[in-house]
Each structure stands twice: as structure tokens, then as C-alpha cells.
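Here the structure comes first, spelled out in C-alpha cells, and everything after it is commentary.
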Amino acid sequence: MSRELTSQAIVIQQDGNWSIQLQTLALEEGTYKFEIVEDIMDYPPLSSGSDRTKIFKVIDRSGEITIVSPSTQESRDTLSIRGGRAPEVGSAGLQIEVADSRGTVIYGPLYIRTDASGYFSENVPISGPGQYYAKFSDFRNNEARFITRVSFTLEDPPGTSAGFTPAPTAHAPGQTVSASATATRDAPAYFIVDALPGRVEVSTSTGTDWRIYHTDETGSLVRIDDTGSTAPEEFTVSSSGGAFLYLKVEPVRAGDEGVVTVTVENAKSITSGPAAASYFGDVIPDSEPLSLHFPPWWC
């Protein structure tokens, strides 16, 4: 079966050129079709010889890298990034780029070497606790090719000296809130979290092998798919407050269907419904109802 994943309007420049960027992080590896649909009401039709359809492949390369450094670290000034490449890739080097929670690149892009076993290690200087994102790429035909993007949370270590202001990490007065929704591969579950300032922890229920996506403060997507059906998928982000965290959950196996419960610590509320679909490049269902879930103290 084929279904429309997303649609966007494009503007053709005076010289006839146009461009578009499509978010593919939430797409499964496979073959996809890009099609141009004419707006003949406002513009003259394309010629009969115009190529309006393009077939392309999405390749998931995230499995080529294993990160062994913890996703949550305690440090004032250094982010430790350690890991290895898949055996079949070997000792090919990597390009690394690190950005902060605002999307500002603070390190790289820099080429780092890997040893004979594919192991790599890099200490990245940072300005303080917060959320950081490391992007990995390699090269072919003198062109950087994206591999994966990994998020890290840095917390201020105990016994911080005076003069250094740590990021807020306390949970109070945040509550633990949760919401549930049915999820399949064709109809994922979407959630909107109204997070409070500080450390926000998100986890899924078990029983099904879930995959969860979330947006960072720059609007970019992050994918979490680290465990199986017996352990929850979970991640931690640092929130400045006043911004929503958007979530998408789907089963890893195409034939699975189940109810996923998402639990969030240090948040005002969590909403389950299709309204967040557009943040992942998905089409919002027309007839799907919106359900709201609030913490007990709101009742």
C-alpha cells in the first residue's frame, strides 16, 4: 500500500529553479516516491515531457555507529564522546559536529580518526551544562554523508565552585504526568508535552518494542531506539520552559499494534492526539479525535 506522508508547496524562481528539504529521520529504510502536483489554476501546465516523479531510497545508517559514552554526563566543561564503528566499516574516519540546544555549532565539523578496530574518542569543550547534539558523517567522493545524530545531557557535577551557575535540575514543582494512545506503524501515537524548566525525563511503557522520536529546542528530530520489548525507551532533555516537547511513538515491527503509555517527569501536562504529526513531517488525520490528559492535581 502507498500513502501520502507529507505535502509542501514549492516556489519556482524566475530562473526556473526550485528546491525543497524533506525530513527523513522518521522514515523507515526503503523506497519512496516524490511527485510534483501542478497548480494549474494559477500557473500554466507543465509540458508533456516534464519529469514529475522521482523514486529515491532512504538508507538508515544509524546502526553503523555504537556510542558507549553515557548520554547523561556530569561535567563543567567537557563532553566525552566515545564509541565504535560497525566491523564491516572498519577503521574509516568520521566527521563530527556538535551543536548546543539552540542549534549553534560549537565544535567542528572536524575529522577524527578511528583505530584499527573502529574505536573513536573525542573530548569536546563546552560552556556549561545543558543539551548537546553530536552529528556524525563520513566521506565518499569528497562529499560528507550523514550517519546519525546523538543527543547528550550534561549536568553540573556535585560541589560546583562559586561563580558557576548550573542549569536547573530539580523536579519541583514539576509533576509526573502520563498519557496513553494506540500506535501502529501506519498510525503512530503523537504527544505534546508542556515541560517545566530543568531536567525532563521521558519513558515509554514496555510489552512492545517501541521507537520514539522527539523534537529538540531547534525543531530538529531525535530518534530513540535503544531497547526491546522488555525495557522502556527513555531519554532526558534539559528544558528552559515555555516550549513544548513533541513526541511520536511507533512499534519497531511493522505488524505490531498496541497501547503505549508515555510518562514524563517535570512537566505541567501531556496531550495525546494527532496535532503534533506535522512536526514530524506526517499528515494530520482528518477524523482522529483529540484527547487530553492532565495531572491529577488539575482535577
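The values are calculated or read from the model by the stated rules, or taken from the named source; none is laboratory data. No experiment lies behind these values; they were computed from the predicted model shown. Cβ coordinates were reconstructed from backbone atoms using ideal geometry, including for glycine residues, and neighbour counts include every protein chain displayed. To get the accessible areas, we keep the full protein, side chains included, count just its heavy atoms, and leave off ligands, DNA and RNA. Shrake-Rupley method; radii C 1.70, N 1.55, O 1.52, S 1.80 Å.
So for each of 245-253, 145-153 I average, over its residues, the number of other beta carbons within 10 Å; can you give me the resulting order with the highest mean first? Kindly include the intermediate steps, with their values, before the conclusion.
Numbers: 245-253: 20.7, 145-153: 18.7.
Ranking the peptides 245-253, 145-153 by packing returns 245-253, 145-153.
Ligands, DNA and RNA are left out, and with a 1.4 angstrom probe the accessible area of the range 67-116 is 52 Å² per residue.
Peptides 179-190, 260-271, 98-109: what's the order by average Cβ count within 10 Å, highest mean first?
Details: 179-190: 19.0, 260-271: 21.7, 98-109: 15.7.
Averaged packing, sorted descending, gives the order 260-271, 179-190, 98-109.
In a fully extended conformation the segment linking I55 and A86 would gain 8.3 nm over its present Cα-Cα distance, using 0.36 nm per residue.
Can you send over the carbon and sulfur percentage of the accessible area for the range 105-159, probe radius 1.4 Å, protein chains only? Numbers along the way, then the final one.
Numbers: 1350 of 2950 Å².
That share works out to 46 percent.
Here the range 58-158 is treated with +1 on each Lys and Arg Cβ and -1 on each Asp and Glu Cβ, and its dipole about the Cα centre works out to around 220 debye. Straight Cα distances below 20 angstrom link K54 to the lysines K33, with same-chain residues fewer than 8 positions distant left out. Taking amide hydrogens as placed 1.01 Å from N in the peptide plane, the amide H of G93 sits under 5 Å from those of T114, each at least 5 positions away in sequence or on another chain.
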